[in-house]
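Here's the structure, in structure tokens; my notes come after.
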Amino acid sequence: SVTRVRDGTMSLKMREELLEEVAGDALLTTRRRFPDCKVELELTEDILYLPMDPLLIRQVMVNLLENAIRHTPPDSGMDVQLKVDDKENMAVFTVRDEGCGLDPGDLPHLFEPFYTGEKNRMDRGRGTGLGLAICQSIAQAHGGWIRAQNRLDRSGAQFEVAIPLYDDGSPKQGSSLDEPGQTVMESASQ
């Protein structure tokens with residue numbers, strides 16, 4: 001499955017879905033697994049029906065939420081935001097944690113398969129290093145992107161995933177998944 005997602009041969013089960021419902025389901029799944037997690041959810045006022053494979057987008061969201069929980073101290077929180085980026089004609093899902101942030105040396109490698117980071121050697125037993133690589137492949141398969149950076153407002157990491165809106169910028173009409181995906185990795189100096 002990983003190979004099919006990465007090389008573009010996996011067929012997406014695209015259908016119009018309400019992004020808020022997919023995000024809510026991902027949050028519910030995460031809260032069941034981590035009942036003590038503190039998550040603030042901020043939704044856009046726009047109703048975002050988008051063409052997507054909802055199971056794959058949900059998996060991206062769950063992966064980012066669980067990563068944030070693993071890297072955030074228990075007494076800290078995280079926030080999730082859904083918004084529309086009019087400049088890029090994208091719906092953007094953002095997860096920000098209050099952990100120690102991303103090591104600048106890890107940023108260029110975060111989305112490489114099997115990369116787990118030098119700073120977090122103790123976390124190696126928790127995963128295979130495939131989660132972010134899969135997230136990147138799913139975002140790109142949808143014509144979108146994923147990016148990571150350190151937060152500018154406090155310590156912690158920030159991950160953003162974008163999915164294209166329709167041709168006219170509206171979440172309700174037309175369809176455009178022809179644009180190639182991109183991956184952007186940014187590091188913010190603190």
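The values are calculated or read from the model by the stated rules, or taken from the named source; none is laboratory data. Keep in mind it's a predicted model, so treat the numbers as computed, not measured. Accessible surface areas use protein heavy atoms only, side chains included; no ligands, DNA or RNA. Shrake-Rupley method; radii C 1.70, N 1.55, O 1.52, S 1.80 Å.
P(r) tail for the range 30-71: Cα pairs beyond 11 Å make up 73% of the total.
In this view, the solvent-accessible surface of CYS37, computed with a 1.4 Å probe and all protein chains in place, comes to about 30 Å². When THR116, THR30, THR9, THR72 are compared by accessible area at a 1.4 angstrom probe, the order from most to least is THR9, THR116, THR72, THR30.
Per residue, the convex hull around the alpha carbon atoms of the range 1-98 comes to 115 Å³.
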